[in-house]
Amino acid sequence: MLKLKNISKTFNKGSINEQELFNNFSLDIEKGDFISLIGSNGAGKSTLLNLISGKLKSDEGRILLDGVDITEKDEFERCRNISRIFQDPAMGTNPSMTIYENLAMAKNKGQKFGLRFLIDKKDEVFFKDSLKVLGLNLEDKLHTPVSQLSGGQRQSLALIMATIVNPDLLLLDEHTAALDPKTSEIVMEITDRVVREKGLTTIMVTHNIEYAIKYGNRLIMLHLGKKVLDISGDIKKNLNKEELLSLFKSVSDKSLFA
Amino acid sequence: MNSFVMGIIQQSLIFSIAGMGIYITYKILKFADLSADGSFTLGASVSAILITKGINPFISLAFSMLAGAVAGTITGLLNVKLKIQDILSSILVMVGLYSINLRVMGGMANLPLFNHNTIFTTRNRLLIIFIFAAFSTLFFTWFFKTKLGYLLKGIGDNENMIISLGINTGSIKIFALALSNAFIALSGGILGQYQGFSDVNMGTGTMIMGLASIIIGFNLIKKIGFSNSSILCIFGTLIYRTSIALSLRAGLNPSDLKLISSVIVVIFLTLDNGRGIFKKYVSKKAKREHSSKLREVGSRNA
């Protein structure tokens, strides 16, 4: 489904701050995989998502999505097949537009944005049904500007918008990190439900070890641009928090004294 | 109606068309587009030179719009493709347009139209201007309801989200600048025919004038309950032109006009932000209201 082949990425090339993050990094993701990606700061999690989404270009290597080489494609071109939700709830929605308008924009993804009217009254039932999944009563606030919603509501809306047209790949970049613990739980549960219902291939970056264990069928730990852990199936299911934490610690301690 | 009031209304309607163009860049894209000053004159020069060459004055305005669109496209290309900062790329185009405008007018700084037919010859001036303003208003009202119109609004709001829809925001920005400058040039072309000449300096301050009108429209009129951006532009321009005309009547020198415009813009921008010298006043007032409310609640509970 998604193949990263021999990716290399160095920041600030040629300066004294030169920092090699990825060297010959490869990753293979199956269709329908829900991967939780963990690692300490600077491990390359966000860079990896940026490389996949096209925000950053790799120095070497190829990226294939569904067999198509997307290495040279710009971010906006890749966005036609890839949806992404960011840590900042303000990133995924248009604040001055209403929920209805935001959903209408998202629904038109992949189609022409021409001179036809955006708002179609016929969509109302569909939008209400899509929002009901959240259980946040957003379906009664269709004509409220998004700027008046809370962070959790916005992030949930962003999730619906990102998945209203099924993307080939869904990238979640610490998308619950800016929310309070309770809202974070709710958004995470909704995420899990939507991802499983639609069978979306998903990569989720998280700092929450519990989420990383609880959700998804595969867990990858990155450290300084290298995969230090890649488990799936029963081994992942039976993983406990203490084990993972101690592993996490030993990896980062090693590098500290290396 | 006396000619003083009539003049204000006619000029306001003409300038409000430029205001609608500036609205796209300033309010929607958050792009400080100073090329407006150049493309306003460009519209007037193109229309004037074509009229003197015997072309139908209405058709000459179509060419004005086309020329404005080209100017806007260049600003957009400088910004998007060559990565020159927005305000700088628009200044570069504005400066360049000065020479272009002189060339368009055959090397003359002023091109009179007094001996030629214009769109106003043998017609009711107000009616003609009204039709153009109404056409522009209807166009923008329609446009902002289309998918493309929403894309424009979305880019100024949250460009990231528009990229995530798989849209090349760069091309949309270039298109927006072209559209904006086309209407600014149309406004310039109409004004040139209205006053009977095109002048190489007539566009100076167009951007600031448009800003003033938009800010006034959105601060004063929007509170009354209008939300159509084009209608807000019209009323904003009307108030702005009236205050300018009145200050002239009060005895101020016409050469002080640009300074007055700047001061008006500064005042309204500051009010808009709630910052600067007004901040103290605003927060004090808010505090006063808040404490009085507290007292009210307190006394009710007592």
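A short reminder: the numbers here are calculations on the coordinates, not readings from a lab. As the structure is a prediction and not an experimental result, all values here were calculated from the model. Note that we place each Cβ from the backbone using ideal geometry, even for glycine, and neighbour counts take in every protein chain shown.
Would you mind calculating the relative contact order of chain A from Cα pairs under 8 angstrom and at least 6 residues apart, reporting the percent as a whole number?
On the way: 433 pairs, mean separation 66.9, N = 258.
Relative contact order, chain A: 26 percent.
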- With a ≥ b ≥ c the root eigenvalues of the C-alpha gyration tensor of the protein assembly as shown, is it rounded (a/c under 1.5), prolate (a/b larger than b/c) or oblate? prolate
- Note on the structure: Mean other chain Cβ within 10 Å across B:146-156 is 6
- In degrees from 0 to 90, rounded to the nearest 10, what is the angle of the helix B:3-23 Cα long axis to the longest principal axis of chain B? 80 degrees
- Rank the residues A:Leu118, B:Leu177, B:Leu248 as a footprinting-exposure proxy: fewest other Cβ atoms within 10 Å of their Cβ go first. B:Leu248, A:Leu118, B:Leu177
- Item | Dipole axis of the protein assembly as shown (+1 Lys, Arg; -1 Asp, Glu on Cβ), positive-most option in A:Ile85, A:Ala158, B:Phe58 | B:Phe58
- For the range B:39-49, Karplus couplings with θ = phi - 60° (6.51, -1.76, 1.60), whole Hz, Gly/Pro x: 6, 4, 5, 4, x, 5, 5, 4, 4, 5, 5
- Note on the structure: Note on chain A, DSSP bridge orientation, antiparallel percent to nearest 5 equals 55 percent
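Give me A:Lys128, A:Lys141, A:Lys31, A:Lys121 ranked fewest to most by other Cβ atoms within 10 Å of their Cβ, as a rough exposure proxy. All intermediate terms of the calculation are to be shown ahead of the outcome.
Working: A:Lys128 15, A:Lys141 18, A:Lys31 12, A:Lys121 7.
With the sparsest Cβ surroundings first, the list reads A:Lys121, A:Lys31, A:Lys128, A:Lys141.
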- Amide H partners (placed H, <5 Å) of A:Glu60, local residues excluded: A:Ser8
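Once you have a ≥ b ≥ c as the square roots of the Cα gyration tensor eigenvalues for chain A, tell me rounded if a/c is under 1.5, and otherwise prolate or oblate according to whether a/b is larger than b/c. Kindly include the intermediate steps, with their values, before the conclusion.
Values: a/c = 1.99, a/b = 1.48, b/c = 1.34.
Note, shape of chain A comes out prolate.
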- Task: Would you calculate, for chain A, the mean residue ellipticity at 222 nm contributed by helices, counting each DSSP H stretch of 4 or more residues as -39,500 (n - 2.57) and dividing by all residues, to the nearest 500?
- Result: -10000 deg cm²/dmol
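Return A:Ser83, B:Ser99, B:Ser243, B:Ser89 ranked ascending by Cβ neighbour count within 10 Å, so the fewest neighbours appear first. All intermediate terms of the calculation are to be shown ahead of the outcome.
Numbers: A:Ser83 29, B:Ser99 11, B:Ser243 16, B:Ser89 24.
By the 10 Å Cβ count, ascending, the order reads B:Ser99, B:Ser243, B:Ser89, A:Ser83.
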- Item | trypsin sites (Lys or Arg not before Pro) within the range B:72-158, DSSP loop, no more than 12 other Cβ atoms inside 10 Å | B:Lys81, B:Lys83, B:Arg123
- Item | For the range B:176-188, Karplus couplings with θ = phi - 60° (6.51, -1.76, 1.60), whole Hz, Gly/Pro x | 4, 5, 5, 4, 4, 6, 4, 6, 5, 5, 4, 4, x
- Work from the charge dipole of chain B (Cβ charges, +1 for Lys and Arg, -1 for Asp and Glu, about the Cα centre) and give the residue of B:Asn181, B:Val93, B:Ile208 farthest towards its positive end. B:Ile208
- Pick from B:Ser16, B:Ser187, B:Ser227: which residue has the top mean-square fluctuation in a GNM of chain B where Cα pairs under 10 Å get a spring? B:Ser227
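Name the shape class, rounded, prolate or oblate, that the alpha-carbon gyration tensor gives for the range B:3-251, where a ≥ b ≥ c are the square roots of its eigenvalues, rounded holds for a/c under 1.5, and otherwise prolate holds if a/b is larger than b/c and oblate otherwise. Could you put the intermediate results ahead of the total?
Values: a/c = 1.75, a/b = 1.25, b/c = 1.40.
Since a/c reaches 1.5 but b/c is at least a/b, the shape of the range B:3-251 is classed as oblate.
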- Task: List every residue whose amide H lies under 5 Å from the amide H of A:Phe22, counting only residues 5 or more places away in sequence or on a different chain, with H placed 1.01 Å from N in the peptide plane.
- Result: A:Lys9
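Please state the charge dipole magnitude for chain B, taken about the Cα centre, from unit charges on C-beta atoms (+1 on K and R, -1 on D and E), reported in debye and rounded to the nearest 20. Present the calculation step by step, with values, prior to reporting the outcome.
Numbers: 27 positive and 10 negative charges, 232 e Å.
That gives a dipole near 1120 debye.
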- Item | In Hz, Karplus ³J(HN,Hα) per residue of the range B:107-115 (6.51, -1.76, 1.60; θ = phi - 60°; x = Gly, Pro) | x, 9, 7, 9, 10, x, 10, 4, 9
- Message: Helix B:277-301 against the longest principal axis of chain B: what's the angle in degrees, Cα atoms only, rounded to the nearest 10?
- Response: 40 degrees
